[in-house]
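The values are calculated or read from the model by the stated rules, or taken from the named source; none is laboratory data. Just so we're clear, the structure is a prediction, and the values are computed from it rather than from any experiment. All Cβ positions, even for glycine, are placed from backbone atoms using ideal geometry, and neighbour counts span all protein chains on display. Keep in mind that these areas ignore ligands, DNA and RNA; they rest on the heavy atoms of the full protein, side chains included. Shrake-Rupley method; radii C 1.70, N 1.55, O 1.52, S 1.80 Å.
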Amino acid sequence: MDDRPTSVIILGSTGSIGRQALDVIAEHPQRFDVVGLSAGANAELLCRQAQAFEVERVAVADADAARSVREAFSGRVAVLDGESAAATLASAGADVVLNGIVGSRGLRPTLAALDAGSRLALANKESLIVGGELVKAAAGDPGRIVPVDSEHSALAQCLRAGRPHEVARLILTASGGPFRGRTRDELGAVTVADALDHPTWSMGAVITVNSATLANKGLEVIEAHLLFDVPYDRIQVVVHPQSIVHGMVEFVDGATVAELSPPDMRLPIQVALGWPDRLPTPPSRMDWDRPVALEFEPLDRETFPMVDLATAAGRRGGTTPGVFNAANEEAVAAFLQGRVRFPGIGDVVAAVLEEHTAVEDPDLDAVLGAETWARGRAHHLIRALEDRTATCT
Ligand SMILES: NC(=O)c1ccc[n+]([C@@H]2O[C@H](COP(=O)([O-])OP(=O)(O)OC[C@H]3O[C@@H](n4cnc5c(N)ncnc54)[C@H](OP(=O)(O)O)[C@@H]3O)[C@@H](O)[C@H]2O)c1
């Protein structure tokens, strides 16, 4: 092994994934050297991080926040600003770029990191889903993208147990979210606070709502297909409320290999940063001196239609997965603002998908054009839902 520290750029360093990535790096100061950080608007935390890790280059999307960071460092740290700043930072290249930005705005930074020849530790699944074949082409060798999502990290680890032609099925586990066991009718009355109260994981707001609707699991099915080249009919979702088994691979002889660890994102982050090596310090570990019950149950597809909607979007391919994601992002934002009810999120996404005509083999402009279209249609449908609710009350 090379003794030189691995240079790392963390995009979205002020978010849930970014902060945990820096926690992991702080545990391995000899192993990693942070050479760039990026944030959206949280200038204060970004400044503290840049100081603590002696970073010389940062990117800030928000103009006011960028000004504050510049003032704080008075020339000692180079500050890139604007929506393209994260991509510019990523294009500088590092051994590893960890993309922890939320949403499809992570696509350009993902492409920039791959074009610069970096290994991409990918938390921002949206960029793979929206960019699809474009991202795969930029990666060339599929091993250049190492997943940070706990389920895909688990699958990547389990896949080491066999050869590609020996894989029968990928099994993604889902906690079931806070509304597991409820009926569709019961979901009409749930609040934003209910949806943000995830039983096993602590995450950013958007991904927490996506976990409650199971849209996140739908996105993960597409992500698994794109990352591991396994057809959709051989990717299965199973509900596992304890979130200890993160993913399983069934091989052709019926043997199933699973990855188990406490629900702690620092492990998949650490696996991705160190890949293909394992780092010796466990962020947390199973306690086998206590009883551990593991339950598995089938997915309730009627109450949680998002997995099937996403899978259908993935099968249609081209611009459709990006349209699913964009419509979902808009519907989740409207839900968080109290503008649509919880089941309305799925209704908006289904309606936008219904209207979409997929573009095959899209280039970046077509991908971004389809996204803009989907956001516009979602806005229109959200307004119509609001008007209907106002008329009924
Ligand atoms: N959290 C988890 O446990 C988890 C697990 C698996 C996968 N993921 C995936 O990881 C990604 C990040 O999730 P998260 O939970 O960490 O989200 P989060 O806590 O909301 O953090 C998002 C990060 O993106 C930055 N950001 C926001 N707007 C931006 C912009 N316009 N340009 C550049 N950066 C911007 C934020 O900066 P500010 O703080 O300055 O706004 C923050 O650093 C998502 O794709 C999610 O699906 C998360």
Formal net charge of residues neighbouring Ala378 (Cβ-Cβ distance under 13 Å; K, R +1; D, E -1): -3
Estimated dipole of the range 254-393 in Debye, rounded to 20 [Cβ of Lys and Arg +1, of Asp and Glu -1, Cα centre]: 300
Projecting the Cα atoms of Ile101, Leu45, Ala121 onto the charge dipole of the range 14-146, where Lys and Arg contribute +1 and Asp and Glu -1 at Cβ, the residue farthest towards the positive end is Ala121
For the range 311-383, which whole-number percentage of the solvent-accessible area (1.4 Å probe, protein heavy atoms only) is attributable to carbon and sulfur atoms? 50
Taking the Cα centre of the chain as the origin, how large is its charge dipole in debye, to the nearest 20, when only Lys and Arg (+1) and Asp and Glu (-1) carry charge on their Cβ atoms? 320
Length released on extending from Ala193 to His28, taking residue separation times 0.36 nm less the Cα-Cα span: 55.8 nm
Mean accessible surface per residue for the range 147-303, computed with a 1.4 Å probe while every protein chain stays in place, in Å²: 45
Taking all pairs of distinct Cα atoms, average 1/r, flip it, and tell me the Kirkwood hydrodynamic radius of the range 293-371 in Å to one decimal place. 13.6
Roll a 1.4 Å probe over the protein chains and send me the accessible area per residue for the range 1-140 in Å². 42
Out of every Cα pair in the range 145-228, what percent are spaced more than 22 Å from each other? 35
Roll a 1.4 angstrom probe over the protein heavy atoms and tell me the percent of accessible area of the range 175-297 that is carbon or sulfur. 50
Solvent exposure of the range 317-393 as accessible area per residue, Å², 1.4 Å probe: 46
Alpha carbon centre of the range 6-62 versus the range 261-319: separation in Å? 24
Taking the dipole of the range 319-376 about the Cα centre (Lys, Arg +1; Asp, Glu -1; charges at Cβ), the one of Pro343, Ala374, Leu364 that reaches farthest to the positive side is Pro343
Value of Rg to Rh for the chain (Rh from inverse mean 1/r over Cα pairs, i.e. Kirkwood): 0.96
Most positive-pole-ward Cα, Cys158, Ala59, Val307, against dipole of the chain from beta carbon charges: Ala59
Fraction of accessible area attributable to carbon and sulfur, the range 1-155 (%, probe 1.4 Å): 47
Which is the longest stretch in the chain that no exposed loop site breaks, taking sites as GluC sites (Glu not before Pro) with a DSSP loop state and at most 16 other Cβ atoms within 10 Å? 84-294
